[in-house]
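A.B. asks: Okay, handing you the structure first.
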Amino acid sequence: MDFAIPADLQAYLDELDAFIEAEIKPLEQQDENIRFFDHRREDARTDWEREGLPDHDWEKLLQEATKRADKAGHWRFSAPAQYGGKDGSNLWMAVIRDHFAQRGLGLHNDLQNEHSIVGNFPFVAMFDTFGTEAQKQEFITGGFERTRRVAFGLTEAEHGSDAIHMETRAVKETRDGVPGYRIDGEKMWITGMHVATHCAVFARTDGEAGDARGITCLLVPNPTDGLKIEEWMWTFNMPTDHPRLSLSNVWVPESAMLGEEGKGLALAQSFVHQNRIRQAASSLGAATYCVEESVKYARERKPFGEELAKNQAIQFPLVELATQCEMLRMLIYKTAWQMDNMPHKEIERSISDKVSMCNYWANRLVCEAADRAMQVHGGIGYSRHKPFEHIYRHHRRYRITEGAEEIQMRKVAAYLFGYLGPKRGQFD
């Protein structure tokens with residue numbers, strides 16, 4: 001067994017670091033752009049007069065960074081080669097995301113809005129797997145050309161993680177001789193609707209509440225008659241692009257259906273593993289950053305004439321966090337490698353529990369590490385002049401989103417006790 005980072009991967013990390021220093025850091029420092037990353041970051045990023053939405057200048061800056069990264073051949077790294085990518089593997093993406101987050105806050109990788117110079121494109125995988133040729137051309141090619149952007153419309157206010165009891169319904173209806181669906185219902189936390197050209201709305205087309213089958217994904221143009229943003233939900237970490245929306249007598253043609261009728265839930269789960277392992281790697285990198293910054297500060301700070309680092313009350317909590325980071329890194333890298341070495345559909349049957357372990361533990365760990373970093377740094381750690389409060393506020397969301405940690409622990413338990421996964425039936 002070889003646990004070393006492959007030489008070609010290390011060479012690519014070095015290439016990315018050089019690109020960041022040459023292209024991204026100067027852009028970050030240009031025209032007072034640093035306000036988006038220093039103590040002014042939350043205020044600078046938020047348009048408080050526009051319902052708390054992201055500031056236009058902030059989003060323009062992110063777009064410029066990804067344009068430069070795309071020109072250099074980095075932005076589409078994880079996408080299939082046929083769409084201009086490099087077929088980036090799960091292992092490589094996990095290592096890159098871990099590496100980027102260890103660099104701290106910056107324009108190279110700001111996960112408050114999933115921005116990175118090495119992009120993560122779950123919708124590409126979804127359209128490539130389930131879309132028609134016309135949909136692939138429109139939404140994958142159009143996505144990279146920035147003419148299409150799709151929001152993910154699964155969650156509902158009254159049901160949260162329980163997607164199978166969704167109340168949004170779609171019924172078949174022909175209008176002007178064209179067969180289609182009429183959609184009525186409400187959705188919540190539908191990220192990115194302020195810039196989305198379409199919303200992938202999941203609605204029940206058949207079956208009863210609680211049935212896994214009978215849920216269909218329909219691509220609804222934004223804006224469209226009957227689709228209304230009811231309010232933008234202000235969150236722990238601003239700005240917000242997470243609305244509550246309603247659909248009333250919204251109609252789309254049958255060609256708007258993504259995947260098969262009634263099998264939308266499987267479609268929704270298709271990119272969960274890919275998303276979760278990469279997000280876990282980002283949380284791990286941010287946790288490592290918090291630990292390392294705390295170590296540096298504890299060696300530099302000399303209260304009462306001695307290094308703060310000499311106190312075991314400082315040492316031991318950081319030792320525990322550093323140990324957890326090292327153990328989790330091995331599990332994340334191993335799980336990502338396993339994902340790369342089995343068919344996509346096999347992941348759910350074989351190692352979905354390991355993906356959940358990585359994700360829920362990484363999200364919990366980064367919150368603990370950020371909190372400890374604040375404590376070690378004292379008053380300045382609590383201030384916005386250090387990044388720890390931002391890291392905590394951002395990553396705290398992932399203990400709820402991407403599958404709440406309780407949902408993921410339930411998945412692990414189902415595999416552990418043989419209700420699902422390779423041990424299924426073992427105890428019957």
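The values are calculated or read from the model by the stated rules, or taken from the named source; none is laboratory data. In this text the structure is predicted, and so the values were computed from the model without any measurement. Counting neighbours? That spans all protein chains shown, and the Cβs are built from the backbone with ideal geometry, glycine included. For accessibility, only protein heavy atoms count, side chains too; no ligands or nucleic acids. Shrake-Rupley method; radii C 1.70, N 1.55, O 1.52, S 1.80 Å.
A.B. asks: Return the whole-Å distance between the Cα centroid of region 159-214 and the Cα centroid of region 239-261.
C.D. replies: So the separation of the two Cα centres works out to 6 Å.
A.B. asks: Follow-up question, since we're still on this one. Per residue, how large is the accessible surface of the chain? Use a 1.4 angstrom probe and give square angstrom.
C.D. replies: 48 Å²
A.B. asks: I would also like to ask the following. Calculate the dipole size of the chain relative to its Cα centre from +1 charges on Lys and Arg beta carbons and -1 charges on Asp and Glu beta carbons; express the result in debye to the nearest 20.
C.D. replies: Here the chain has a charge dipole of around 700 debye.
A.B. asks: Working from the pairwise distances between different alpha carbons, so that the mean of 1/r is found and then inverted, what is region 219-294's Kirkwood radius in Å?
C.D. replies: 16.4 Å
A.B. asks: Grab the alpha carbons of region 351-410, take their convex hull, and tell me the volume per residue in Å³.
C.D. replies: 63 Å³
A.B. asks: Please give the direction-averaged projected area of the C-alpha convex hull for the chain, in square nanometres with one decimal.
C.D. replies: If you wrap the Cα atoms of the chain in a convex hull and average its projections, you get 23.3 nm².
A.B. asks: Quick one: the Cα spread of region 256-322 along its three principal axes, in angstroms, biggest first?
C.D. replies: 70, 19, 12
A.B. asks: Counting helices only, and only those DSSP H runs with n ≥ 4, report the 222 nm mean residue ellipticity of the chain as the sum of -39,500 (n - 2.57) divided by its residues, in deg cm²/dmol to the nearest 500.
C.D. replies: -13500 deg cm²/dmol
A.B. asks: Under the Karplus relation 6.51 cos²θ - 1.76 cosθ + 1.60, θ = phi - 60°, what is the ordered set of whole-Hz ³J(HN,Hα) values for region 140-155, x standing for Gly and Pro?
C.D. replies: The phi angles translate into 7, 4, x, x, 6, 7, 6, 9, 9, 8, 10, 8, 9, x, 9, 5 Hz.
A.B. asks: Also: Leaving ligands, DNA and RNA out of it, report the carbon-plus-sulfur percent of the accessible area of the chain at a 1.4 Å probe. Present the calculation step by step, with values, prior to reporting the outcome.
C.D. replies: On the way: 10450 of 20370 Å².
Exposed carbon and sulfur together represent 51 percent of the surface.
A.B. asks: If the only charges are +1 at each Lys and Arg Cβ and -1 at each Asp and Glu Cβ, what is the size of the charge dipole of region 70-197 around the Cα centre, to the nearest 20 debye? Walk me through the numbers before you get to the answer.
C.D. replies: Values: 14 positive and 17 negative charges, 92 e Å.
About 440 debye.
A.B. asks: OK, next. What shape does region 68-138 take by its C-alpha gyration tensor, where a ≥ b ≥ c are the square roots of the eigenvalues and a/c under 1.5 counts as rounded, a/b above b/c as prolate, and the rest as oblate?
C.D. replies: Judged from the Cα gyration tensor, region 68-138 comes out prolate (a/c at least 1.5, a/b above b/c).
A.B. asks: Hey, another quick one. Where a ≥ b ≥ c are the square roots of the eigenvalues of the C-alpha gyration tensor, would you call region 280-428 rounded, which needs a/c under 1.5, or, failing that, prolate if a/b is larger than b/c, or oblate?
C.D. replies: Because a/c hits 1.5 or more and a/b exceeds b/c, region 280-428 counts as prolate.
A.B. asks: To continue, here is another question. Just to be sure I understand: of the beta bridges DSSP finds with both ends in the chain, what percent are antiparallel, rounded to 5?
C.D. replies: On the way: 33 of 39 bridges.
DSSP beta bridges in the chain are roughly 85 percent antiparallel.
A.B. asks: What's the FRET efficiency of residue 254 with residue 382 using the Cβ-Cβ distance as r and R₀ = 41 Å, to the nearest 0.05? Show your work: numbers first, answer last.
C.D. replies: On the way: r = 55 Å, r/R0 = 1.35.
Once the sixth-power term is evaluated, E becomes 0.15.
A.B. asks: Which helices of the chain meet both criteria: a Cα extent of 27 Å or more along the helical axis and a mean Kyte-Doolittle score no lower than -1.0, with helices taken as whole DSSP H segments?
C.D. replies: Sorted by number, the helices that extend far enough and score high enough are 272-300, 312-340, 352-377.
A.B. asks: Please report the accessible area of residue 376 (heavy atoms, 1.4 Å probe, ligands and nucleic acids excluded) in Å², nearest 10.
C.D. replies: 10 Å²
A.B. asks: Can you list the lysines whose alpha carbon is less than 29 Å from that of residue 60, not counting same-chain residues fewer than 8 positions off?
C.D. replies: 25, 71, 86, 136, 187, 228, 386
A.B. asks: Further question: Please turn the phi angles of region 212-227 into ³J(HN,Hα) values with the Karplus equation 6.51 cos²θ - 1.76 cosθ + 1.60 (θ = phi - 60°), one per residue in order, whole Hz, x for glycine and proline.
C.D. replies: With the stated coefficients, region 212-227 comes to 6, 7, x, 9, 10, 9, 10, 8, 9, x, 10, x, 8, 4, x, 9 Hz.
A.B. asks: For region 234-370, with the dipole built from +1 on Lys and Arg beta-carbon atoms and -1 on Asp and Glu ones, taken about the Cα centre, which of 266, 290, 318 lies farthest toward the positive end?
C.D. replies: 318
A.B. asks: Can you tell me the mean projection area, over all orientations, of the convex hull of region 9-58's alpha carbons? Units nm², please.
C.D. replies: Mean orientational projected area (region 9-58, Cα hull): 4.5 nm².
A.B. asks: When N counts the residues of region 22-141, how does its alpha-carbon radius of gyration compare numerically with 2.2 N^0.38 Å, as a ratio?
C.D. replies: Normalised Rg, Cα atoms only: 1.17.
A.B. asks: Arrange the peptides 10-19, 355-364, 248-257 so that the one whose residues have, on average, the most other Cβ atoms within 10 Å appears first.
C.D. replies: By packing density, highest mean first, the sequence is 355-364, 248-257, 10-19.
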